[in-house]
Amino acid sequence: MLNIRPQLRKLCFARSISSFILPEAHQKLKKICCDFSETKLRTIAAKLDKEQLFPSNQIKELANLGLLGILVDKNYGGSEADALALSVAVEEIAKCCGGTASIVSIHNALYADIINRIGTPQQKEVFLPNFVNGNNVGCFALSEPGSGSDAVNMQTTAIHDGNEWVLNGTKAWVTNGIEGGAIIVIARTNKIIGHKGVSAFLVPTLTPGLTRGKRDDKLGIRAASTCNIILENVRVPYENLLGNVGEGFKIAMSGIDVARIGIASQAIGISQAALNCAVEYAGQRKAFGNPIIKLSAVQQRLAKMVTKIEAARLLTWKAAILKDNGHSFTKAASMAKLAASKAATYITHNCIQILGGMGYVSDMPAERYYRDARITEIYAGPTDIQYFVIADNLAKEYGLKIR
Ligand code: CAA
């Protein structure tokens with residue numbers, strides 16, 4: 001087997017466009033995250049993947065770096081940074097471990113940031129500090145066994161009873177569901193009025209009546225758990241309502257917009273790792289008397305791979321910068337996720353193609369990159385939903401309606 005250098009970080013950093021585009025603070029963050037990822041995650045990523053292990057110590061260390069409360073106010077222990085910082089951090093973590101990147105990305109985008117934006121001071125006091133510090137991770141429960149892309153079709157109910165809400169139903173695909181300390185549960189408070197009959201609730205996972213299904217045995221991002229969450233007469237205080245009654249669907253969608261930036265960043269990190277692996281291998285592996293990087297067929301693959309990564313990264317940073325400057329970013333986030341996740345599928349496929357047989361065995365990380373990349377085209381809305389969101393918003397920009 002050829003010896004692939006364990007890291008190309010200096011090379012990548014120097015050649016990356018980041019040093020021209022990112023503000024200085026984000027460049028520093030990128031370096032910190034890159035160092036952490038290379039020293040603390042690279043060596044354990046294969047084991048986490050194989051044994052489906054949650055990286056508890058590393059999550060605690062990431063919290064100490066401020067990466068579990070990236071968008072959270074300092075009052076609640078957060079870093080008070082921005083979506084561009086989320087993107088930079090998640091990409092660097094994903095270069096070494098796609099599963100850990102998923103844990104961090106979903107916790108930040110679909111738990112901590114939502115509460116930071118929407119929660120009352122009391123809710124923030126209870127549900128943020130002890131999660132931002134790494135003692136807990138947070139989760140988000142929208143999908144159900146019978147409703148994924150068609151999210152509004154959920155069956156889980158929340159009934160107002162005295163000073164409490166009573167929740168019943170089953171949520172599916174809950175990232176961090178096995179380890180999570182609290183969940184933002186999106187449930188139906190009115191059966192008749194569509195998305196206006198949906199509300200959001202803060203539910204600690206130790207609440208009686210809440211049980212977890214089995215840990216899903218996934219193709220990739222296996223360090224991150226997903227499971228069903230079963231709610232049987234789960235009672236939470238009235239004040240655990242997040243936002244107002246009827247705002248739950250919009251709260252969920254606004255969180256998913258941020259999650260799409262996070263997932264795009266995860267896809268870019270996995271892609272960059274696969275590109276590094278492919279270039280390194282092509283520079284060493286000889287065929288027909290020369291390193292295979294001298295073959296035009298290999299050059300074409302590498303050229304397409306790097307172009308797709310850079311395009312996806314620019315789209316992702318654009319979406320983040322739009323958010324950070326208070327602009328609408330729904331379409332941009334969907335475009336970023338669409339481009340980055342499709343790029344990741346393409347790039348990890350071609351990484352294996354360049355490595356040949358060595359790409360197909362677990363001695364090399366290429367097969368893990370391939371498996372980890374696949375989810376980015378599925379969760380927080382599959383590619384087909386991104387087409388819809390982009391087209392819908394595009395049509396609106398032209399004063400047209402497509403439905
Ligand atoms: N931000 C805020 N509000 C939004 C919004 C957004 N991005 N998108 C839509 N809305 C609002 C609309 O304005 C509308 O409100 P009004 O009627 O007041 O104007 C309301 O929400 C309903 O919108 P739509 O009519 O567009 O809703 P729809 O039922 O047609 O659905 C959809 C649209 C794009 C298909 C949406 O359901 C969707 O994105 N589906 C995919 C869901 C998804 O990504 N699920 C993944 C869950 S997370 C996960 O994977 C688990 C995990 O742990 C990671």
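The values are calculated or read from the model by the stated rules, or taken from the named source; none is laboratory data. What you see is a predicted model; the values in this text were computed from it and never measured. Cβ: placed from backbone, ideal geometry, glycine included. Neighbour counts: every protein chain shown.
Residue by residue, here is whether (1) closer than 17 Å to residue 262 by Cα; (2) in contact (Cβ under 8 Å) with a residue 60 or more places away in the chain; (3) within 13 Å of the ligand (Cβ to nearest atom) holds:
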site: 89; (1), (2), (3): yes, yes, no
site: 94; (1), (2), (3): yes, yes, no
site: 107; (1), (2), (3): yes, yes, yes
site: 124; (1), (2), (3): no, no, no
*Single residue of the stretch 216-246 satisfying the filter (assigned to a loop (DSSP other than H, G, I, E, B) and in contact with a Gly (Cβ under 8 Å, 6 or more places away or on another chain)) that is farthest from residue 98 (Cα to Cα)*: 246
*Filter the stretch 136-147 for residues that are touching a residue at least 60 places away in the same chain (Cβ under 8 Å) and either part of a loop (DSSP other than H, G, I, E, B) or out of contact with any helix residue (DSSP H, G or I) (no Cβ under 9 Å at 6 or more places or on another chain) (or both); which is farthest from the ligand (Cβ to nearest atom)?*
145
*Quick check, is residue 276 surrounded by fewer than 23 Cβ atoms within 10 Å (Cβ to Cβ) and touching a helix residue (DSSP H, G or I) at 6+ places or on another chain (Cβ under 9 Å)?*
yes
_Looking only at the stretch 96-105, and only at residues there that are of a type in the set (Val, Ile, Thr) and within 13 Å of the ligand (Cβ to nearest atom), the one that is surrounded by the fewest Cβ atoms within 10 Å (Cβ to Cβ)_ = 103
*Within the stretch 363-378, identify whether any single residue is within 11 Å of the ligand (Cβ to nearest atom) and among the basic types (Lys, Arg), and answer yes or no.*
no
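Restricting attention to the stretch 159-205, report how many residues are away from the ligand (no atom under 11 Å from the Cβ), closer than 25 Å to residue 108 by Cβ and part of a strand (DSSP E or B). Can you show your working first?
Just the residues of the stretch 159-205 that are away from the ligand (no atom under 11 Å from the Cβ), to begin with: 159-170, 178-179, 181-182, 185, 187-192, 197, 199-205.
Then keep just the ones that are closer than 25 Å to residue 108 by Cβ; that gives 167, 178-179, 181-182, 185, 187, 199-205.
Within this subset, residues satisfying the condition of being part of a strand (DSSP E or B) are 167, 182, 185, 187, 199-204.
Residues in the stretch 159-205 being away from the ligand (no atom under 11 Å from the Cβ), closer than 25 Å to residue 108 by Cβ and part of a strand (DSSP E or B): 10 in total.
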_The one condition in (1) in contact with a strand residue (DSSP E or B) (Cβ under 9 Å, 6 or more places away or on another chain); (2) under 22 Å from residue 38 (Cβ atoms) that residue 277 fails to fulfil_ = (1)
_Qualifying position, being crowded, with 19+ Cβ neighbours inside 10 Å, closer than 19 Å to residue 137 by Cβ and of a type in the set (D, E, K, R), among 260, 222_ = 222
_With the structure loaded, tell me whether residue 240 is more than 15 Å from the chain's Cα centre (by Cα), polar (S, T, N, Q) and more than 27 Å from residue 383 (Cα to Cα) or whether it fails that test._
yes
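What about residue 130, is it assigned to a loop (DSSP other than H, G, I, E, B), away from the ligand (no atom under 16 Å from the Cβ) and modelled with pLDDT of 95 or more?
The answer is no for residue 130.
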_Cβ pairs under 6 Å, 6+ apart, first in the stretch 35-62 and assigned to a helix (DSSP H, G or I), second basic (Lys, Arg)_ = 37/95; 38/9; 49/222; 49/368; 58/40
_Hits in the stretch 195-243 (condition: in contact with a Ser or Thr (Cβ under 8 Å, 6 or more places away or on another chain), under 18 Å from residue 160 (Cα atoms) and not aliphatic (A, V, I, L, M))_ = 197, 199, 232, 235, 239, 243
*Is there a residue being touching a Ser or Thr at 6+ places or on another chain (Cβ under 8 Å), touching a residue at least 60 places away in the same chain (Cβ under 8 Å) and within 24 Å of residue 59 (Cβ to Cβ) anywhere in the stretch 314-321?*
yes
*Selection status of residue 155, surrounded by fewer than 16 Cβ atoms within 10 Å (Cβ to Cβ), closer than 21 Å to residue 239 by Cβ and more than 14 Å from the ligand (Cβ to nearest atom)*: no
